[in-house]
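**Student:** Provided herewith is a single structure, encoded as structure tokens, for subsequent inquiry.
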Amino acid sequence: MSLHDKFIYDDGLLINKSTGHIYSNMHDKGYIRVQISGKRYYAHRIIWEMFNGPIPEGIQIDHIDGDPYNNRIENLRLATQSQNSANRGKQTNRPNVSKELPKGVSYNKARRYEARITYKNQGHYLGSYDTPEEAYAAYMEAAEILHGKFVRP
């Protein structure tokens with residue numbers, strides 16, 4: 001039985017064809033999950049496969065706008081783990097990360113602003129700067145080179 005036999009896609013919504021149930025309950029940081037025969041699936045992965053076929057092994061589905069609840073097909077794209085991570089906004093829930101500083105910028109004990117970026121699971125030091133704006137500019141320059149269309153300011 002194909003996904004089209006089980007589900008209807010309607011502008012980002014996934015609907016159970018036999019019951020009419022609209023899957024909309026958010027789980028896991030805003031992602032919508034679907035349970036089929038006791039197994040859980042992410043709605044965005046089902047929607048991607050309905051339009052494009054199987055997802056290659058080791059590849060993820062990225063939400064272009066960063067909103068895990070927005071499952072419109074035009075908002076979904078294939079991505080490696082590294083590309084998907086590059087498309088995340090600044091993570092403020094980690095310890096020692098200042099909420100006031102831009103993504104990729106930290107403040108060090110020498111009272112300077114450091115720029116760092118992660119690429120292919122490796123951290124890269126981009127330098128120490130007098131202002132957060134200079135550090136962020138260095139981060140964005142590196143991000144555009146390393147992450148291309150997956151860059152999220």
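**Student:** Go through region 4-30 and count every residue that is in contact with a helix residue (DSSP H, G or I) (Cβ under 8 Å, 6 or more places away or on another chain) and either surrounded by fewer than 16 Cβ atoms within 10 Å (Cβ to Cβ) or assigned to a loop (DSSP other than H, G, I, E, B) (or both).
**Tutor:** 5
**Student:** Go through (1) farther than 28 Å from residue 151 by Cβ; (2) free of Cβ contacts under 8 Å to residues at least 12 places away in the same chain one by one and return the number of the condition residue 65 breaks.
**Tutor:** Here residue 65 clears every test but (1).
**Student:** Could you look through region 32-44, keep only residues that are surrounded by fewer than 17 Cβ atoms within 10 Å (Cβ to Cβ) and not polar (S, T, N, Q), and pick out the one that is farthest from residue 72 (Cα to Cα)?
**Tutor:** Of region 32-44, the ones surrounded by fewer than 17 Cβ atoms within 10 Å (Cβ to Cβ) are 33, 35-41.
Those left that are additionally not polar (S, T, N, Q): 33, 36, 38-41.
Details: 33: 15, 36: 21, 38: 25, 39: 23, 40: 20, 41: 17 Å.
Restricting to residues being surrounded by fewer than 17 Cβ atoms within 10 Å (Cβ to Cβ) and not polar (S, T, N, Q), the top hit is 38.
**Student:** Please pick out the residue among 58, 20 that is under 22 Å from residue 147 (Cα atoms) and of a type outside the set (A, V, I, L, M).
**Tutor:** 58
**Student:** If residue 110 satisfies every condition in (1) farther than 24 Å from residue 11 by Cβ; (2) without any contact (Cβ under 8 Å) to a residue 12 or more places away in the chain but one, which is the exception?
**Tutor:** (2)
**Student:** Being within 20 Å of residue 150 (Cβ to Cβ) and modelled with pLDDT under 90 narrows it down to one of 37, 82, so name that one. Don't jump to the end; show me each part of the working.
**Tutor:** Working: 37 fails: within 20 Å of residue 150 (Cβ to Cβ).
Of 37, 82, the one residue that is within 20 Å of residue 150 (Cβ to Cβ) and modelled with pLDDT under 90 is 82.
**Student:** Continuing with this model, one more query. Mind listing whichever residues of region 52-78 are surrounded by 12 or more Cβ atoms within 10 Å (Cβ to Cβ) and within 23 Å of residue 5 (Cβ to Cβ)?
**Tutor:** Hits for region 52-78 are 52, 55, 61, 71, 72, 73, 76.
**Student:** So which residues in region 119-133 are touching a strand residue (DSSP E or B) at 6+ places or on another chain (Cβ under 7 Å), surrounded by fewer than 17 Cβ atoms within 10 Å (Cβ to Cβ) and not in a loop (DSSP other than H, G, I, E, B)?
**Tutor:** 123, 124, 125, 127, 128
The values are calculated or read from the model by the stated rules, or taken from the named source; none is laboratory data. Given the structure is predicted, the values throughout are model-derived calculations rather than measurements. A quick note on method: Cβ atoms are made from the backbone with ideal geometry, for glycine too, and the neighbour counts reach across all protein chains shown.
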